[in-house]
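Shown next, in structure tokens, is the structure this report addresses.
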Amino acid sequence: MAELTRLVLDVLKPHEPDAIALANAIAERLPQVRVSLKVVAVDQRTETTQVTIEGSALPFADIAAVLADLGATIHSVDGVEVIGAAWPGRGGA
């Protein structure tokens, strides 16, 4: 079975939590992931961020739920990486 290993998301978030707190919250609630976050634009009430999440078998629904719980909204999925079951090193056929 194919496995989602990297997501690049365009995320709109309120100023609070700040970028560090948002990245930490994602990593704490989904400890199997690596998170990087870049603030792309700031306006009076919100920040547009690029959130990159890497890991093994990323749970997209759980990621979306964590972001929603923090008051953030996914605007778009800007990048993905998926590894097939037979990719070398995965133990597939």
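Any read-out appearing in this document is the output of simple, stated calculations on the displayed coordinates, not a laboratory observation. These numbers come from a predicted model, not from an experiment. Don't worry about glycine lacking a Cβ; one is built from the backbone with ideal geometry, like all the others, and counts go over all protein chains shown.
Numerical summary
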| read-out | value |
| --- | --- |
| Ile83, sole failed condition from (1) farther than 13 Å from Asp18 by Cα; (2) in contact with a His (Cβ under 7 Å, 6 or more places away or on another chain) | (2) |
| Residue count for the stretch 1-46, restricted to those that are touching a Lys or Arg at 6+ places or on another chain (Cβ under 8 Å) and β-branched (Val, Ile, Thr) | 1 |
| Filtered residues of the stretch 1-15 (kept if aliphatic (A, V, I, L, M), surrounded by 11 or more Cβ atoms within 10 Å (Cβ to Cβ) and over 14 Å from the mean Cα position of the chain (by Cα)) | Ala2 |
| Qualifying residue in the stretch 31-41 (condition: aliphatic (A, V, I, L, M), within 12 Å of the chain's Cα centre (by Cα) and closer than 16 Å to Glu81 by Cα) | yes |
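One line per residue, one yes/no per condition, for (1) in contact (Cβ under 8 Å) with a residue 40 or more places away in the chain; (2) of a type in the set (Gly, Ala, Ser); (3) in contact with a Leu (Cβ under 8 Å, 6 or more places away or on another chain):
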site: Met1; (1), (2), (3): yes, no, no
site: Arg34; (1), (2), (3): no, no, no
site: Ala41; (1), (2), (3): no, yes, no
site: Thr48; (1), (2), (3): no, no, yes
site: Gly71; (1), (2), (3): yes, yes, no
